[in-house]
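Data block below; observations after.
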Amino acid sequence: MTQVHGGSPSRQRGSRRGGDRIMVPEADFSSYYGRPIVKPAPWENDIAYYLFTGGVAAGSALLAAGADLTGRPGLRRVARFGSLGGLGLSIGFLVHDLGKPSRFLNMLRVAKLTSPMSVGTWILSLHGPFAALASGSEIVAMLPAHWQRGPLGLVVTLGRPAGLVGAVTAPPVAAYTAVLLADTATPAWHSAHEELPFVFCGSAAAASGGLGLLGAPVAEAGPARAFAVGGALVELAAEQRMEASMGLSAETLHQGVAGRWMRASKALTVAGAVGALAGRRSRLLSMASGAALMAGSLCTRMGVFEAGLASARDPKYTVVPQRERVDQGVPVRHQE
Amino acid sequence: MIGRNSLFGPLDPAPDAGYEAPPPRKGFFTDTSVCIGCKACEVACKEWNDVPENLFEMLGTSYDNSHSLNANQWRHVAFIERPGTAPVPDRPAVDLGMPTVGAAPSDVPEEAKPDFQWLMSSDVCKHCTHAACLDVCPTGSLFRSEFGTVVVQDDICNGCGYCVAACPYGVIDRREGPEGDPRVGIAQKCTLCYDRLTDNQRPACAQACPTESILFGDVDELRERANERVAALHEQGVMDARLYGNDPDDGVGGTGAFFLLLDEPEVYGLPPDPVVTTKDLPRMFNRAGLAATFMLAGAAASFLRRNR
């Protein structure tokens, strides 16, 4: 055996199903027995679910505040529940994915600007209590009137101001998760860093708007509809741009498990957006569209998550772009 | 502390991390041209640092059965079998006084011998000037030592795994086993034998290396020695010899542990042009800020529309 080992561990040759085949010649490169260079993040699907639930929580906090200010109690209620539920699930997923869950609070012993996870923890710590207080006021308001005295009455009074603070702090919750993924050596995540925040914010708007369509009466769902459709459009457009700027690793969004999630995401998001526009007067169609938009958002998160892991497992995505820079005489070097 | 070049560019890491008058930066120069693949470094590392068993399996990839650098493998010797093209230095090998095995010297002429070459290299954590693992660690478990090295504090790490995805070399990893090990679930990697350094001892791997392929010392001095060594090899006609990680202007600001290689880095499983991911972090936060602003504006606009 006197060959230099090259190539990926599982190069797919020949045709694949589906219409998204990219006509790029198979890259030729050297590697150490086809083994990965960078390591995939040791994260379970929990993190992809968190990307989704965090997005729902953030978008819902925005919708809840808007509904509160514009007198839409039905939309406010579902959005506040979405905000609280999304937050609770998010924290659950985050803690569960730690290697030492009992040390979760160690996240709060430092504040580090160079760590998007630290920044995100502090963003959540700021947003969470206010959003939860606003949601709590919704629950208290549903209790019998004679229970709403004393401290519980205070919760109701604070609902609106807390909801406003929760709304202002919500967009960073949706956006930082893109930086969380992009600030890694994982090829498909890092190379997406220009557009990924837009994909994720769009996806969060689509999902939370979808939840509003699912739960609010048609008469009040207008803003949720607009937010959802706008989010879906931003997500679809940003995803296209992102693929164009990612270079070689964009193909991981079309292959294998990630490819199936991304195709499902596109179909569900398009169908959901069209349905939402067509279903202005139909509660049933609105609900179905809302569910499709939420499912589409989840698929986007799963697809991006899986594409990153796939791009880390195959040394091609690490070696080929770097080798090209070196061969073209433009390696990354510090310039005074 | 945040100063110029804190995210990218040449830097002395210990003063940048806030140490006043730290000792000179310490590191490794691993000269793979004299590595004999004995794995003494792997064994010494495991013994000294109490690193538990690694996934042990026959991989069918030359003599490599220790797989990769990971939580349970802080030194990893790579074996590459390839067609022999590099000329052999034409002087007798240095006698190390090692026991010999195999056939006695033969009178087979050079051209009749197999045209075949082994590359061996002992890989290790690079202790980057700009260490992505350290930058992204959300708990402060990873820290910069006074020697300019990067070390995990076992009792702080909560196992978030962010460092694993951030390392451009795929070095640091979360320990998954064996069951019952107190460090299961937390990030582990080479500490450059922090405990030995504080006692003026060489790291265990460098101490054990029989051919001085692994040299330990002050990074400035090692860089000079590396330049001399690569020049000497070029003079002897080994034109494939090259340094890897010694350039303070490179994508990670130069590494504390750098290498002399005899082929392209990717042949050894090393990235050819690694870049610390946090170099782009200001840009990433800017883009996220813009997206978040759009989202807030979009939500407001959704409510400002007339009717429903």
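Quick look at the values:
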quantity: Highest-fluctuation residue, B:M58, B:M239, B:M284 considered, GNM on chain B with Cα pairs under 10 Å; calculated: B:M284
quantity: Estimated [θ] at 222 nm from DSSP helical runs (n ≥ 4, -39500 (n - 2.57)) normalised by residues in chain B, nearest 500; calculated: -7000 deg cm²/dmol
quantity: Rounded to 10°, Cα long-axis angle of helix A:73-96 versus longest principal axis of chain A; calculated: 40 degrees
quantity: DSSP H segments from chain B that extend 20 Å or more along their own axis, Cα-based, with Kyte-Doolittle mean of -0.5 or above; calculated: B:281-304
quantity: Extreme residue, positive dipole direction of the protein assembly as shown, given options B:N54, B:F79, B:C160 (C-beta unit charges); calculated: B:C160
quantity: Computed magnitude of the charge dipole of the range A:46-316 (debye, nearest 20; Cβ of K, R +1, Cβ of D, E -1); calculated: 660 debye
quantity: Length added when fully stretched, A:S102-A:R260, from 0.36 nm per residue minus Cα-Cα; calculated: 53.3 nm
quantity: Table column - 3J(HN,Hα) (Hz), the range A:251-260, Karplus curve with 6.51, -1.76, 1.60, x for Gly and Pro; calculated: 5, 5, 6, 10, 10, x, 4, 4, x, 5
quantity: Shielding by other protein chains, A:89-102, mean Cβ within 10 Å; calculated: 3
quantity: Rg followed by Dmax, in Å, when the protein assembly as shown is reduced to its Cα trace; calculated: 27.7, 105
quantity: Listed residues A:D183, A:D28, A:D68, most fluctuating in chain A (Gaussian network, C-alpha, under 10 Å); calculated: A:D28
quantity: Degrees between helix A:316-327 axis and first principal axis of chain A (Cα, 0 to 90, nearest 10); calculated: 60 degrees
quantity: In Hz, Karplus ³J(HN,Hα) per residue of the range A:223-237 (6.51, -1.76, 1.60; θ = phi - 60°; x = Gly, Pro); calculated: x, 4, 4, 4, 4, 5, 5, x, x, 4, 5, 4, 4, 5, 5
quantity: Free-standing Cys, chain B [no other Cys Cβ under 4.7 Å]; calculated: B:C35, B:C38, B:C45, B:C128, B:C137, B:C157, B:C160, B:C167, B:C193, B:C209
quantity: Given charges at Cβ of Lys, Arg, Asp, Glu: the protein assembly as shown dipole, positive-most of A:V38, B:A208, A:V168; calculated: A:V168
quantity: Positive-end residue of B:V219, B:S122, A:L63, charge dipole of the protein assembly as shown with Cβ unit charges; calculated: A:L63
quantity: Listed residue pairs exceeding 20 Å between alpha carbons, taken from A:K100/B:K26; A:K112/B:K26; A:K316/B:K39; B:K46/B:K189; A:K316/B:K279; B:K39/B:K126; calculated: A:K100/B:K26; A:K112/B:K26; A:K316/B:K39; A:K316/B:K279
quantity: Per-pair calculated FRET efficiency, R0 = 41 Å: A:L113 and A:I139 via Cβ, rounded to 0.05; calculated: 0.70
quantity: Length-normalised contact order of chain A in % [C-alpha pairs under 8 Å, at least 6 apart]; calculated: 22 percent
quantity: Overall form of the range A:46-316 per C-alpha gyration tensor (a/c, 1.5; a/b vs b/c); calculated: oblate
quantity: Rounded tilt (10° steps) of A:116-141 against the dominant C-alpha axis of chain A; calculated: 30 degrees
quantity: Calculated FRET value between B:Y19 and A:R149, using beta carbons and R₀ = 45 Å, to 0.05; calculated: 0.20
quantity: Viscosity 1.306 mPa s, temperature 10 °C, Stokes-Einstein D of chain B from Kirkwood C-alpha radius, µm²/s; calculated: 74 µm²/s
quantity: Rounded FRET efficiency, nearest 0.05, which uses the C-beta distance separating A:E336 from B:H67 and R0 of 35 Å; calculated: 0.30
quantity: Aspartates and glutamates with Cα under 18 Å of A:K39, excluding same-chain neighbours fewer than 8 positions away; calculated: A:D97, A:D183, A:E306, A:D314, B:D123, B:D135, B:D173, B:E176, B:E266, B:D273
quantity: Volume of the Cα convex hull of the range A:147-246, divided per residue and given in Å³; calculated: 126 Å³
quantity: Two-site label geometry, B:T293 and A:V274: point separation in nm, points 7 Å out along Cα→Cβ; calculated: 3.5 nm
quantity: Highest-MSF residue in chain B out of B:T30, B:T129, B:T277 [GNM, Cα springs under 10 Å]; calculated: B:T277
quantity: Phi to ³J(HN,Hα) by Karplus 6.51 cos²θ - 1.76 cosθ + 1.60 over the range A:330-336, Hz, x for Gly, Pro; calculated: 10, x, 6, 9, 6, 10, 5
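Coordinate-derived values only; no laboratory data. Small disclaimer: the values here were computed from a predicted structure and weren't measured. With ideal geometry, Cβ positions are generated from the backbone for all residues, glycine too; neighbour counts draw on all protein chains shown.
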